[in-house]
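Pasting a structure here, questions to come.
Bear in mind that the values in this text are calculations on the coordinates, not laboratory data. None of the values given here were measured: they were computed from a predicted structure. Counting neighbours? That spans all protein chains shown, and the Cβs are built from the backbone with ideal geometry, glycine included.
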Amino acid sequence: MDKQELLEKIAFNVVQGRVEAEDEGFDPGLEGQPAVTELVEQALEQGIDPKEIVLASLTESMEQVGEKFERNEYLIPDMLASAECVGAAMDILSPHLMKAGVESKGKFVIATVSGDLHDIGKNIVAIMLKGAGYNIIDLGTDVSPERIVQAVKEHQAPYVGLSALLTTTMRVMGEVVSKLKEEGLRDQVKVLVGGAPLSDQFAKEIGADAYCKDAFHAIDSLKSMAA
Ligand code: B1M
């Protein structure tokens with residue numbers, strides 16, 4: 001199988017919610033065919049860059065899942081099955097995305113904000129930043145502004161990354177910025193925000209330092225902040 005075909009096959013199987021070959025898919029007749037786990041391993045064996053697998057297969061496929069959900073073709077369990085596939089793929093990919101022995105570039109607190117349970121994007125960003133040499137303090141999902149600010153204070157972190165996937169939860173990011181100001185911490189920490197409904201404009205409005213379209217953008221933003 002050539003590279004393009006393999007990347008597309010991984011994406012297809014994420015959309016089908018198939019972690020392993022024995023799994024059934026959303027469509028009938030797929031059982032027994034290689035699924036996400038086997039295909040990701042094959043891709044690595046063929047020397048495909050793990051970053052390319054994240055971008056071209058995993059991120060891309062979740063876009064398709066979201067579109068299917070919007071069209072009522074998929075229900076929540078279908079979205080969860082795809083999310084599980086991305087988790088399984090990331091388990092295989094993360095050691096390859098990490099650079100061993102990189103000197104720490106600083107502490108980075110990351111969280112999905114209150115009311116929001118989406119963590120696939122946050123986890124990808126966390127793994128990529130860890131690979132880029134940051135010391136990640138991952139607070140998980142549904143994290144209140146109070147807990148986020150507390151963690152920044154406790155760890156004296158120079159960076160905080162916030163994730164939100166819902167239009168109803170993105171405003172919590174503004175509350176985090178306000179709380180950092182209230183606590184006198186705003187000048188000591190750079191606030192990076194990300195998530196599908198966000199934009200540069202929104203990041204400016206809430207007073208964040210950077211909007212990150214994806215994990216690679218987050219790494220670039222951090223590089224320019226350190227320069
Ligand atoms: Co939800 N969901 N979901 N969902 N879900 C969306 C976001 C939605 C757009 C689907 C749709 O309708 N098309 C929609 C939101 C609509 C809106 O807000 N206007 C939606 C909805 C409505 C809901 C529920 C309300 C559904 C319901 O219950 N009726 C519910 C809410 C639960 C809650 O959070 N309280 C819900 C639940 C779920 C599941 C639990 C089933 C599951 C999440 C599983 C999990 O995360 N463990 C789920 C999923 C999978 C999705 C979609 C399909 C995929 C999200 C995803 O993982 N994308 C999503 C549709 C979509 O976004 N296309 C959808 C892949 C991921 C790699 O991308 O997260 O954008 P993303 O992360 C990127 C960048 O954004 C950026 O880098 C990442 C890597 O490239 N980034 C950062 C993200 N965070 C960053 C932080 C940074 C930097 C960059 O800090 C430095």
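Given the options 59, 141, 168, which has the most mean-square fluctuation in a GNM of the chain, springs set between C-alpha atoms less than 10 angstrom apart?
168
Further question on the same structure: Taking N as the number of residues in the chain, what value does Rg over Cα atoms divided by 2.2 N^0.38 Å take? Spell out each step's value before the answer.
Working: Rg = 18.3 Å, N = 227, 2.2 N^0.38 = 17.3 Å.
Normalised Rg, Cα atoms only: 1.06.
In whole Å, what three semi-axes, largest first, describe the equivalent ellipsoid of region 1-43 built from its Cα gyration tensor (square root of 5 times each eigenvalue)?
Details: eigenvalues 54, 20, 13 Å².
Each semi-axis is the square root of five times an eigenvalue, giving 17, 10, 8 Å.
Further question on the same structure: Can you find, among 120, 195, 156, the residue farthest towards the positive end of the dipole of region 107-226? Put +1 on the C-beta of Lys and Arg, -1 on that of Asp and Glu.
Towards the positive end, the residue furthest out is 156.
Helix-only estimate, please: 222 nm mean residue ellipticity of the chain, summing -39500 (n - 2.57) across DSSP H runs of length 4 or more and dividing by its residues, to the nearest 500. Present the calculation step by step, with values, prior to reporting the outcome.
Details: 9 runs with 111 residues, N = 227.
About -15500 deg cm²/dmol.
Pull up all non-local amide H partners of residue 135: gap of 5 or more, or a different chain, and H-to-H distance under 5 Å with H placed in the peptide plane.
105, 106, 107, 108
If the elastic network links every pair of Cα atoms under 10 Å, which of 77, 158, 197 fluctuates the most in the Gaussian network model of the chain?
Among 77, 158, 197, the largest GNM mean-square fluctuation belongs to 77.
Taking the Cα centre as origin and putting +1 on Lys and Arg beta-carbons and -1 on Asp and Glu beta-carbons, what dipole magnitude results for region 3-99, to the nearest 20 debye?
Details: 7 positive and 21 negative charges, 72 e Å.
Using Cβ point charges on Lys, Arg, Asp and Glu, region 3-99 gives about 340 debye.
In bins 5 Å wide, starting from 0, what share of all Cα pairs of region 79-161 does each bin hold, as a percent?
3, 15, 23, 21, 19, 12, 6, 1
Dividing the Cα radius of gyration by the Kirkwood radius, what Rg/Rh value follows for region 107-226? Provide the component values of the computation, followed by the final result.
Values: Rg = 12.4 Å, Rh = 13.6 Å.
Here Rg/Rh amounts to 0.91.
Then there's this: Calculate the dipole size of the chain relative to its Cα centre from +1 charges on Lys and Arg beta carbons and -1 charges on Asp and Glu beta carbons; express the result in debye to the nearest 20. Numbers along the way, then the final one.
Working: 21 positive and 38 negative charges, 281 e Å.
Here the size comes out at about 1360 debye.
Kirkwood hydrodynamic radius of region 118-174 from all distinct Cα pairs, in Å? Mind dumping the intermediate values first?
On the way: mean 1/r = 0.0824 Å⁻¹.
Across region 118-174, the inverse of the average 1/r is 12.1 Å.
Relative contact order for the chain using alpha-carbon pairs under 8 Å, separation at least 6, rounded to a whole percent? Walk me through the intermediate numbers first.
Numbers: 362 pairs, mean separation 33.3, N = 227.
Normalised by residue count, the contact order of the chain is 15 percent.
Enter the angle in degrees (range 0 to 90, nearest 10) between the Cα long axis of helix 171-182 and the first principal axis of the Cα atoms of the chain, meaning the one along which they spread out most.
30
Compare 110, 206, 148 in a GNM of the chain, Cα atoms joined below 10 Å, and give the one with the largest fluctuation.
Among 110, 206, 148, the largest mean-square fluctuation in the Gaussian network model of the chain belongs to 206.
How big is D, in µm² s⁻¹, for region 3-99 by Stokes-Einstein at 10 °C and 1.306 mPa s if Rh is the Kirkwood radius over C-alpha pairs? Don't skip to the end; give the middle numbers.
Working: Rh = 13.1 Å.
After rounding, the answer is 121 µm²/s.
How tilted is helix 36-45 with respect to the longest principal axis of the chain? Cα atoms for both, answer in degrees (0 to 90, nearest 10).
Roughly 80 degrees, rounded to the nearest 10.
Oh, and also: Determine, from the Cβ-Cβ distance of residue 45 and residue 67 and an R0 of 22 Å, the FRET efficiency 1/(1 + (r/R0)^6), rounded to the nearest 0.05. Walk me through the numbers before you get to the answer.
On the way: r = 31 Å, r/R0 = 1.41.
Computed FRET efficiency for residue 45 and residue 67 comes out at 0.10.
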